[in-house]
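Only one structure is covered here, and it is reproduced in the block below.
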Amino acid sequence: MRSWTARALLCLRQEAARSADTHLLRLEFPGFPGIEFYFKDEAAHPTGSLKHRLARSLYLYALCNGRLSPGQPVVDASSGSTAISEAWFARLLGLPFTAVMPTATAPRKIADVHALGGHCDLVDDPAQVHERAAWHAANGACHLDQFGLAERATDWRGNNNIAESIIGQLACEPHPQPAWIVCGVGTGGTSATIGRYIRYRALETGLCVAEPAGSAFVHGWRTRNRSAIASQPTAVEGIGRPRVEPGFLFEVVDEVIEVADAASVAAMHLLEEQLGRRYGGSSGTNLVACLELAARMRAAGERGSIVSLLCDPGERYDQTLYDPAWLAENGIDPAPAQVALRATLASGEWHPTS
Ligand SMILES: *Cc1c(COP(=O)(O)O)cnc(C)c1O
């Protein structure tokens, strides 16, 4: 057992050594002279999203806590991105993997889990995924438990976590201490790591969470109420959770910006124009919040840098957010938000997107 654990840990160490860091891409917009925008391309990981970091940490955490044995089935609840990364690492370690996902998950993500040899257990109600994963765990599976453990499993002081990587990559830039770092909240792991690291290094940086309008985090953060629930669903995957997850740390977040789904989709297309590549909906959500913060900075006569994340690749949403027919069926019209965002980019003044 110990020798299997040692081999599994070596396997993860080798994988980490083979993997490169992700790029920090710089963007400039005409309306915002003196304000630099940076987007960390987390889609560049071997499994296509920021969940690659999390999946590696969760397997390490399970192994080092003695919760994972040779041949043991592995399970987790996921909206897709985590499942893909966890299935990839399960294959690397030779373990059977099951993802519990909402039936409405983008079909492409379900296909990706299958392609990696994982199983998908689909449940109709997104709020039921936790219960279903717990059922698998009660039947002998190792529950990686991204929602319960993301915030603990990541080494927030360093070890090239996402925050340390960003700050290192900004070293030679005009404003190496960003005015803002912007991210969404799914497990809460990314925002917790960044928020803690900002304090740890005593940076003059604000942490802004960009969330779908009416998410549980939005309501919970405003009222500091951990039993808050979402007041509306979202079509943006990976963020906008229906409930306050255990890893949501309210105290390290300085600002929360709500973004309508139509604006996230519009911004996702703007990112494609700027970067020549497609990214997912939550990357669009991030861009909208960056522009709102930049407009505030400009109005206050401030200069500085704003950093955010490109969370996953657009191909995963070919049949959903990138399909005009699907958007129409789901009542999402990105056109008005597109016009508003273009006006903001050009003028530097905030044009509301909804
Ligand atoms: C998980 C996820 C997020 C949010 O990150 P957390 O660290 O889980 O809070 C954002 N976008 C996408 C696509 C994700 O999969």
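The values are calculated or read from the model by the stated rules, or taken from the named source; none is laboratory data. For clarity, every value in this text was computed on a predicted model and none was experimentally measured. Cβ: placed from backbone, ideal geometry, glycine included. Neighbour counts: every protein chain shown. The accessibility values were calculated without ligands, DNA or RNA, using every heavy atom of the protein model including side chains. Shrake-Rupley method; radii C 1.70, N 1.55, O 1.52, S 1.80 Å.
Test of understanding: what is the full-extension gain from L10 to D155, defined as 0.36 nm times their sequence separation minus their Cα-Cα distance?
50.4 nm
Have a look at S308, S85, S165 and tell me which one the Gaussian network model of the chain (Cα, springs below 10 Å) gives the largest fluctuation.
Maximum among the listed residues: S165.
Using every pair of alpha-carbon atoms in the chain, split the distances into 10 Å bins beginning at 0 and state the percent of pairs per bin, rounded to integers.
Answer for the chain: a P(r) of 6, 26, 35, 24, 8, 1, 0 percent.
According to a simple spin-label model (label point 7 Å from Cα along Cα-to-Cβ), what is the distance in nm between A300 and E131?
4.5 nm
In whole percent, what relative contact order does the range 52-151 give with Cα contacts below 8 Å and a gap of six or more residues?
For the range 52-151, the relative contact order is 35 percent.
How far, in nm, would the chain grow between Q232 and R199 when pulled straight, counting 0.36 nm per residue and subtracting the alpha carbon separation?
8.6 nm
For R67 paired with N225, estimate the spin-label separation in nm (one decimal), with each label point 7 Å from Cα along the Cα-to-Cβ line.
Going from the R67 label point to the N225 one covers 3.0 nm.
Over the range 52-151, average the accessible area per residue using a 1.4 Å probe and give it in Å², no decimals.
On a per-residue basis, the range 52-151 sits at 37 Å².
Could you please state how large a percent of the accessible area of the chain is carbon and sulfur, counting protein chains only and using a 1.4 Å probe?
The computed percentage sits at 51.
Obtain the nm distance between the two label points defined at Q177 and A335 by a simple spin-label model: each point lies 7 Å from its Cα along the Cα-to-C-beta direction.
My value for the distance between the label points is 4.7 nm.
Work through the residues other than L9 whose Cβ is under 12 Å from its Cβ and net out their charges, Lys, Arg +1 and Asp, Glu -1.
Surrounding charge for L9 is +3.
Could you pull out the GluC sites (Glu not before Pro) across the range 216-296 that fall in loop regions by DSSP (anything but H, G, I, E, B) with no more than 12 other Cβ atoms inside 10 Å?
Here the sparse-neighbourhood loop sites are E251.
Can you pull out the trypsin sites (Lys or Arg not before Pro) in the range 103-195 that DSSP calls coil and that have at most 13 other Cβ atoms within 10 Å?
Sparse-neighbourhood loop trypsin sites (Lys or Arg not before Pro): R157.
Which Cα, out of G247, A17, L345, lies furthest along the positive dipole direction of the chain (beta carbon charges, K/R +1, D/E -1)?
Highest projection toward the positive end goes to A17.
Given all pairs of different Cα atoms, what value in angstroms does the Kirkwood hydrodynamic radius of the range 52-151 take?
In the range 52-151 this quantity evaluates to 13.0 Å.
Among I306, Y322, P336, flag the residue with its Cα farthest along the positive direction of the charge dipole of the range 271-354, charges on Cβ as +1 for Lys/Arg and -1 for Asp/Glu.
Final value for the positive-end residue is I306.
At 222 nm, what value in deg cm²/dmol follows for the chain if DSSP H runs of at least 4 each add -39500 (n - 2.57) and the sum is divided by all its residues, to the nearest 500?
-13000 deg cm²/dmol
Which of the trypsin sites (Lys or Arg not before Pro) found in the range 30-98 are loop residues per DSSP with 16 or fewer other Cβ atoms within 10 Å of their Cβ?
Within the range 30-98, the qualifying trypsin sites (Lys or Arg not before Pro) (loop, at most 16 other Cβ atoms within 10 Å) are R67.
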